[in-house]
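Quick notes on the structure that follows.
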Amino acid sequence: MLRVFIVCTAILLAVFNQNITANQLQPIETGVSVNQKVPEIMAVDSQENPQKLAQLSGSKGLVLVFFRSADWCPYCKKHLAEINQWNDKLSGLGYEVAAISYDSPQILATFKQSEQIKFKLLADKESRTMQAFKVLNTDYQPGSRHYGIPFPGIMIINPDGTLAHKYFYQGYKMRVKPDALYQWLKEKSSSKSS
């Protein structure tokens, strides 16, 4: 009897977890619309230098990664490290990478140095860029430790400042895989050149 109870409980938990995971896997519609001009970035890099879209963009555009925190979010840290491994390949296609969060420049500098991150990490001190880009996570209210974080995701911004593509998730565990991002950008680049 105990064995039947354990098996039934395991099945119910698996189904319950699968439903949660399926909901978290769904991309969400948030942010500036594709083909629309994006707002200017209002952030500084890890050395406290103001940054603008034009200086961040490569010849083909900018991969802008929105992440929760390089301080307390292990999923963000892992994702940034994975993107870092693909940075040279993305640059080879003509795309520069920058990642933005509400972390302080000091936190970003520490993470950048410890993980040897090659791309710019941007501090959006008052989450003004998150708000302007319409990706501020509204699940958290002012005063909450997590207020000011974005929904995790990416935007591909053309050199003219228009949004080419975006992908965001509701849950914090799912992220765009760097290899899939690379393949998409490679196909986009080859279709433009033909």
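Less than 5 angstrom separates the built amide H of Ala164 from those of Asn35, Ile156, Ile157, Asn158, all sequence-distant by 5 or more or on a different chain. The lysines within cross-link reach of Lys120, meaning a Cα-to-Cα straight distance under 20 Å and a gap of 8 or more places when in the same chain, are Lys52, Lys60, Lys77, Lys78, Lys89, Lys112, Lys166, Lys177. Binning all Cα-Cα separations of the stretch 27-188 at 5 Å, short to long from zero, yields these whole-percent fractions: 2, 10, 20, 24, 24, 15, 4, 1, 0. Coupling constants for the stretch 141-156 follow from the phi torsions by the Karplus curve (6.51 cos²θ - 1.76 cosθ + 1.60, θ = phi - 60°), and in residue order they are 9, x, x, 6, 4, 9, 5, x, 7, x, 5, x, x, 9, 10, 9 Hz; glycine and proline get x. What the phi angles of the stretch 76-93 give under the Karplus curve with 6.51, -1.76 and 1.60, with θ = phi - 60°, is a coupling list of 5, 4, 5, 4, 4, 5, 5, 4, 4, 5, 9, 4, 5, 5, 5, 4, x, 7 Hz, glycine and proline written as x.
Remark: the stretch 44-55, residue by residue, has Karplus-estimated 3J(HN,Hα) of 10, 7, 5, 9, 6, 8, x, 10, 10, 3, 4, 6 Hz, where x stands for each Gly or Pro and the curve is 6.51 cos²θ - 1.76 cosθ + 1.60 at θ = phi - 60°.
Amide H contacts of Leu122 (H built 1.01 Å from N, in plane; Pro and chain starts excluded): Ala99, Ile100, Ser101 sit under 5 Å, all sequence-distant by 5 or more or on other chains.
The dipole here belongs to the stretch 101-153: it is taken about the Cα centre, uses +1 on the Cβ of Lys and Arg and -1 on the Cβ of Asp and Glu, and is about 160 debye.
Computed from the C-beta positions of Lys52 and Lys173 and an R0 of 35 Å, the FRET efficiency is 0.65 to the nearest 0.05. Amide hydrogen proximity for Ala43: with H placed 1.01 Å from N in the peptide plane, the residues at 5 or more positions away or on another chain lying under 5 Å are Gln51.
Only the coordinates and a few stated rules stand behind these numbers; no lab work does. Remember, predicted model here, so these are calculated numbers, not experimental data. Cβ atoms come from the backbone with ideal geometry, glycine included; neighbour counts cover every protein chain shown.
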